[in-house]
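Undergrad: Next up is a structure, given as structure tokens.
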Number of protein chains: 2
Amino acid sequence: MKSIASTSDKILDIAQSLIVAGGYNGFSYADISAAIGIRKASIHHHFPTKAELVAVLVERYFKQAQAGLQSLREQAASPADQLHFYVNYWHTCIRDASQPFCVCAMLAGEMQMLPDEVASRVRAHFQGLAAWLTLVLQAGVEQGQFRLDKRPEEQAQMLMASVHGAMLSARALGDPGLFIAVVAPEISRLRVPAR
Amino acid sequence: MKSIASTSDKILDIAQSLIVAGGYNGFSYADISAAIGIRKASIHHHFPTKAELVAVLVERYFKQAQAGLQSLREQAASPADQLHFYVNYWHTCIRDASQPFCVCAMLAGEMQMLPDEVASRVRAHFQGLAAWLTLVLQAGVEQGQFRLDKRPEEQAQMLMASVHGAMLSARALGDPGLFIAVVAPEISRLRVPAR
DNA sequence: GATTGCCTGCCTACTAGTAGGTAGATAGCA
DNA sequence: TGCTATCTACCTACTAGTAGGCAGGCAATC
């Protein structure tokens, strides 16, 4: 079960943290090389081109995210809890600076100049996240936990925008607490008043 | 009144559109050079370093934004109208792709690796925008136009996040209409119900 | 059981091209 | 004259990517 990370996994890990810090054009093979103590050419052995590296990276991120969200829906007690766990995941990441930004949110900003194979995967992540949020909101309405002003799909888009915007504000203003301060009220207003 | 744009203005204009497209690391002096038909070295005459160019650019953007928001507060009839005009400005920019993203939102993502003189100005823009939104919301409450769940400063942060997140979603999903679909309901829910 | 050949992972050494930036000449203008 | 804006020509450092080699593992063959 416990296995040491393969070189290609290490490359992806480092690349991911570099992208989170500075985007697609914000890192080079030389940066990765220095970070994991391997020659530049060896990275090309695993990932022939930068576009391919990032495409694989986003694909991996997409799958991890989908799996995580899926298991959240299976395990967390209620739709409200599912939402709570989701935002809390990011709250923790941002607070301890382990991954203070979503890779896909980062790349979404650079969409216009991303290689196609990367751009399409970033788009897929946004669609997947919106779909998950829609399902959770729908379930919450059915169970009488949420009351929405708008259709679940629209409310999901609003929530997703709120999360990504809050990440941006937290980063711009250098205030990790801002993330939860923005997102928490956005969620709690969906809940039907306790009686 | 009508004056042809100076070379340094043209440089800033092009640089701004390039940053909007690809961020700080997404453009080079060569790109600007090609776009306005001037040699690379001539750009260095106007802006010795890239960091300085972008710092001046963000400063200019900050001042333009502040001036625009200020005059909006003086001219627009009501706080609700002021908010309406603000989001409509971006709605138009995004729809006709003239400036489909806020420079500072773009740069905020790259905050960690931005030169200090740029980062501080990006932060200033976020603070300025939040302050403006706070003032508008406060005025709206005083005039009985808005009813807020939270303190105006918090509500302003939520609104700002929503706007930036909506820009990101619109870009990621390639759907300009998504911006207003997300932001409009976020604003209309602040208004007290008509009676 | 040794030999053969292939595969993986990494290496050194290199390429062409681009990055930001500089030095110094020139042309026009006050 | 001196200033401003531009130019040509160049620099160094770095970019993504390539060529070719080499050590070790694995597996089929003799």
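The values are calculated or read from the model by the stated rules, or taken from the named source; none is laboratory data. Given the structure is predicted, the values throughout are model-derived calculations rather than measurements. Here the Cβ is made from the backbone with ideal geometry for all residues, glycine too, and neighbour counts use every protein chain on show. Ligands, DNA and RNA are stripped out before the accessible areas are found, and what is left, the full protein with its side chains, is counted by its heavy atoms. Shrake-Rupley method; radii C 1.70, N 1.55, O 1.52, S 1.80 Å.
Undergrad: Could you give the spread of the C-alpha atoms of the stretch A:50-188 along their three principal axes, from largest to smallest, in whole angstroms?
TA: 48, 30, 27
Undergrad: Next question. Calculate how steeply helix B:116-142 sits against the longest principal axis of the alpha-carbon atoms of chain B, using the helix alpha-carbon long axis, and give the answer as 0 to 90 degrees to the nearest 10.
TA: The answer is roughly 20 degrees.
Undergrad: Then there's this: What is the extension gain from A:Ser42 to A:Lys63, computed as 0.36 nm multiplied by their sequence separation minus the C-alpha to C-alpha distance, in nm to one decimal?
TA: Extra length from A:Ser42 to A:Lys63 when fully extended: 5.0 nm.
Undergrad: Moving to a separate point now. Need the list of aspartates and glutamates near A:Lys50 for cross-linking: C-alpha distance under 16 angstrom, and skip anything on the same chain fewer than eight residues off.
TA: Straight-distance partners of A:Lys50: A:Asp9, A:Asp13, A:Asp31, A:Glu59, A:Glu110, A:Asp116, A:Glu117.
Undergrad: Report P(r) for the protein assembly as shown: all Cα-Cα distances, bin width 10 Å, range 0 to the bin holding the largest distance, values in whole percent.
TA: Spelled out per bin, shortest first, that is 5, 22, 32, 25, 12, 4, 1, 0.
Undergrad: Here's another thing I want to ask about it. Considering the stretch A:107-164, what Rg and Dmax in Å follow from its alpha-carbon atoms?
TA: Both quantities, over Cα of the stretch A:107-164: 13.9, 44 Å.
Undergrad: With unit charges on the beta carbon (Lys/Arg positive, Asp/Glu negative), name the residue among A:Leu114, B:Ala119, A:Gln143 whose Cα is farthest towards the positive pole of the charge dipole of the protein assembly as shown.
TA: A:Gln143
Undergrad: Additional query: At 1.4 Å probe size, what's the solvent-accessible area of B:Asp149? Round to the nearest 10 Å².
TA: 110
Undergrad: Under a Cβ-only charge scheme (Lys and Arg +1, Asp and Glu -1), can you give me the dipole magnitude of the stretch A:6-110 about the Cα centre, in debye to the nearest 20?
TA: For this selection, approximately 220 debye.
Undergrad: At B:Pro115, label 7 Å along Cα→Cβ: distances to the other copies, nm, ascending?
TA: In ascending order, 3.0 nm.
Undergrad: Same structure, new question: Once the label point is placed 7 Å from Cα along Cβ, list for B:Gln70 the distances to the corresponding points in the other copies, in nm, shortest first.
TA: For B:Gln70, the inter-copy label distances come out at 5.5 nm.
Undergrad: Now for a separate question. Please determine, in degrees from 0 to 90 and to the nearest 10, the orientation of helix B:152-172 with respect to the longest principal axis defined by the Cα atoms of chain B, where the helix direction is its Cα long axis.
TA: Value to nearest ten degrees: 50.
Undergrad: For the protein assembly as shown, with only Lys/Arg (+1) and Asp/Glu (-1) charged at the beta-carbon, what is the dipole magnitude about the Cα centre, in debye rounded to 20?
TA: 180
Undergrad: Averaged over its residues, how many other protein chain Cβ atoms are within 10 Å of peptide A:105-118's Cβ atoms?
TA: The per-residue average across the peptide is 5.
Undergrad: To the nearest 20 debye, what is the magnitude of the charge dipole of the stretch A:45-193 about its Cα centre, counting +1 on the Cβ of each Lys and Arg and -1 on the Cβ of each Asp and Glu?
TA: It comes to approximately 140 debye.
Undergrad: Separate question: Once the label point is placed 7 Å from Cα along Cβ, list for B:Gly37 the distances to the corresponding points in the other copies, in nm, shortest first.
TA: B:Gly37 label point versus its equivalents elsewhere: 5.6 nm.
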